[in-house]
Every structure is written in structure tokens, then in C-alpha cells.
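The values are calculated or read from the model by the stated rules, or taken from the named source; none is laboratory data. Everything numeric in this text was worked out from a predicted model, so none of it was measured. Because the Cβ atoms are built from the backbone with ideal geometry, glycine has one as well, and the counts that use them run over all protein chains shown. Note: accessible area is taken over every heavy atom of the protein model, side chains too, but ligands, DNA and RNA are not part of it. Shrake-Rupley method; radii C 1.70, N 1.55, O 1.52, S 1.80 Å.
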Amino acid sequence: MRLDAAEAGGPVDERTISLIAIANVLLRNRRLFVGLPILVAAVVSIVALSAPRKYSAQASFMPQSKTEDGSQFTGLAAQIGINLGASAQGQSPQFYADLMKSREILGAVVEAEYSFPAGSGQGPQVETLIQRYGQGSRELERGRFEAVKKLRKRIGVRVNPETGVLRVSIWARNAELSRQIADKFLAEVNRFNQETRRSQAAEERRFAGERVQDGRVRLDTAELALQQFLQHNRQFEASPLLTFEHDRLQREVSMRQQLYSSLANAYEQALIDEVRNTPVITVIEPPRRPVRPDRRRLIMKGFASLAVGFVLALLIAVTLEIGRRTRAEEPEDYQTFERLKRETRDDLRTLRARFRRGSAATPGGSTPPESAGPPEY
């Protein structure tokens with residue numbers, strides 16, 4: 001027969017006692033540890049199954065960089081002391097990811113009208129996202145704000161840092177609506193980019209036009225100086241000083257001619273960019289109507305809810321165990337706690353009784369409705 005360490009008079013392992021205490025807590029609350037996780041998992045599953053299905057439309061695109069002529073114009077402007085800034089260069093893919101979640105793009109998307117099937121036996125439904133997502137708001141601006149807020153949560157943008165491709169995912173309760181929203185997003189990004197580049201091209205055209213005029217004047221001045229030198233010095237080859245002066249004037253004319261040609265080319269390119277309406281993003285995968293709804297992920301949610309239920313059961317069991325040990329080991333403190341709890345309950349009952357008597361004393365004998373708002377002074 002095997003004797004316990006405590007009965008044999010030997011040392012008692014505190015870890016063994018702790019494990020036994022934990023096991024006792026688990027076994028004492030075994031129904032709680034089994035029932036609460038199952039209850040939480042059942043509630044989560046019912047909520048997930050009763051929620052409307054979601055349909056996600058996928059699309060991917062890649063922004064086009066600025067043309068080489070624009071880069072040459074930027075370098076040319078820097079050489080003559082003009083800094084056009086970073087706006088003259090191509091925008092990074094992360095810029096477009098942030099752009100799609102900006103109020104500029106989201107506002108235009110929620111204000112557009114969409115036509116999609118309303119349901120079985122009904123015709124197509126035409127409405128804006130303000131009407132669909134901001135129905136609880138009576139004011140237009142408030143409805144627009146609510147629609148933008150909800151739409152921002154329904155869009156996901158991922159950027160591939162290696163290829164620069166942006167992948168967009170937009171979900172809605174209607175499959176056709178999700179596709180149309182994704183199409184509208186791509187159209188608005190392209191429109192915003194075109195307007196930005198046209199505005200930039202207009203500034204470049206204005207700048208290039210001023211520089212072309214100035215370059216033409218400087219070129220005429222340099223050519224006139226060389227012409228006058230040749231008229232007054234027909235035999236300058238025999239004089240080293242005259243030869244040096246001729247070469248200097250010739251270099252000045254050549255430099256002015258090269259600068260004027262570059263400015264003239266940049267001016268013509270700016271004229272073309274100002275009226276260009278070609279797309280500035282390359283759509284790799286256009287949005288298509290989702291054939292199937294998104295997965296509910298019931299298995300993953302079930303395991304997560306079981307874990308959450310087990311943690312809650314553990315917290316409740318620990319709380320009950322602490323209360324039980326307090327009653328056994330510290331009866332005075334527990335009695336004080338029970339007395340204070342009863343006094344607090346009595347105070348709440350007294351306060352509720354006074355409130356009821358005050359309500360009965362009001363005209364009509366009823367409490368004013370809560371929706372009446374605070375009193376006006």
C-alpha cells in the first residue's frame with residue numbers, strides 16, 4: 001500500500017498541491033467549463049448564420065509612371081534653377097492605396113448612382129450609397145459622412161512592393177453592387193489622376209511658354225552679337241584675341257540654341273499632356289461579379305468562440321474559488337462584505353422608491369419620455 005507524502009511525514013511538494021488545487025477547481029466547475037464554451041460557440045454560430053451574406057469584388061491595377069519627357073523637363077528646369085518638386089515625378093503605389101481611402105475618392109463613389117437587381121420578382125433598383133448606407137441620417141451631409149465611413153470599412157487595398165501592383169477588394173450585400181462599386185473606384189482613381197496631371201501639365205506649359213520666350217530673346221541677342229562681330233572682323237583668323245572672341249560668341253550661340261530647342265520640345269510636350277485623356281492606370285484584373293458569397297469561416301469562428309468561452313469559464317471559476325476560500329479562511333471579512341452588500345442593495349431600493357414617488361407626484365402620474373431631451377433654460 002502506497003502512503004501519501006504528508007501521511008508518511010515526508011516533505012510535501014508545493015507544485016503537486018498547486019496542480020491538485022487547479023484540478024479540483026476544474027472538476028468542481030466541470031459543467032461550467034463544458035457548457036459555457038458550447039453556449040458561446042452556439043451563439044456565435046447562430047449570429048454568423050443569420051447575418052446576410054457578403055459578396056466581394058476583386059480588382060488589380062498598376063499605376064503608370066510619368067513619361068520620359070516629363071522627367072527630362074524636370075531635369076531641365078532644375079538645371080536653370082527651377083525646382084518643380086516631387087509632383088513632377090510618378091506617384092508611388094502606396095500613394096494610390098491611400099488615395100482610394102481618401103474622402104476625395106470615397107465621396108465621389110458614394111454620390112454616384114448604381115443600378116442592381118433588388119430581389120426576386122422585382123425590377124432593377126437605382127440608388128446612391130448615401131441612400132443605402134446613410135438611411136438613418138436625415139441631413140445630406142450627415143448621410144454622406146455615414147456612407148463614407150461605412151464604405152471605408154468595406155474596402156481593402158494591398159500593395160505588392162515587388163511589382164507595384166495594387167489589389168482592391170470591395171464587399172457588399174449584393175453581388176452586382178460590389179462589382180459596380182469596384183468599377184467606380186477604378187474610374188475615380190483614373191479621373192483624379194488625369195485631372196492632377198492635366199493641372200500639372202498646364203503649369204508646366206505656362207512655365208515652358210515663359211522660358212521659351214526668354215530663351216528666344218537670349219538666342220537672338222547672342223546671334224546678333226556674333227553677326228556684328230563677323231561684320232566688323234572679316235579677317236579675324238590672324239588675331240588670337242579676335243579668334244578667342246569669335247569662339248566665345250559661337251559657344252554662346254550654340255548653348256542658347258540647344259537650350260531653346262529643349263524648351264520648345266518641353267513646351268510642345270506640355271501642350272500634349274494638357275489635353276491627353278488616356279488612362280493613367282493599367283487595369284490588370286477588372287472587377288467581375290462574384291459568383292459565390294464570401295466564406296463564413298464558421299470553423300475558425302467556432303474554435304475561437306470555444307477558446308473565448310473557456311477563458312470566460314476559467315475567470316468565473318477562479319472568482320468563485322476565491323470567494324469560497326475567502327468564506328472559509330476569512331469569515332470576518334466575508335461577513336463584512338455581505339453586510340456592505342446588503343446595505344448597498346437597501347440604498348438602491350430606497351433611491352428607487354423615492355424616484356417612483358417623485359414620478360407619481362408629477363402631473364399625469366407618468367415619467368416624461370426620454371426622447372424629450374434635457375430641459376430648456
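Here are the numbers for the structure shown:
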| item | result |
| --- | --- |
| Anchor K184: lysines whose Cα lies under 18 Å away (excluding residues fewer than 8 positions away in-chain) | K101, K149, K150, K153 |
| Mean accessible surface per residue for the range 245-317, computed with a 1.4 Å probe while every protein chain stays in place, in Å² | 69 |
| Distance between modelled label sites at E141 and R173, nm, 7 Å Cα→Cβ extension | 2.8 |
| Overall form of the range 306-351 per C-alpha gyration tensor (a/c, 1.5; a/b vs b/c) | oblate |
| Three-way shape label, the range 283-361, alpha-carbon gyration tensor, a/c 1.5 | oblate |
| Cross-link reach list, aspartates and glutamates versus K54, counting only Cα pairs under 20 Å and skipping chain neighbours closer than eight places | E127, E146, E176, D183, D294 |
| Candidate residues E338, E223: accessible-area rank, largest first, probe 1.4 Å | E223, E338 |
| Per residue convex hull volume, Cα atoms of the range 247-322, in Å³ | 299 |
| Simple spin-label estimate for R198 and L314 in nanometres, 7 Å along Cα-Cβ | 6.2 |
| Cα gyration tensor, the range 194-258 - rounded (a/c under 1.5), prolate or oblate | prolate |
| P(r) of the range 236-281 over all Cα-Cα pairs, binned every 10 Å from zero, in whole percent | 24, 24, 20, 15, 10, 6, 1 |
| For the range 120-248, alpha-carbon Rg relative to the globular expectation (2.2 N^0.38 Å, N residues) | 2.30 |
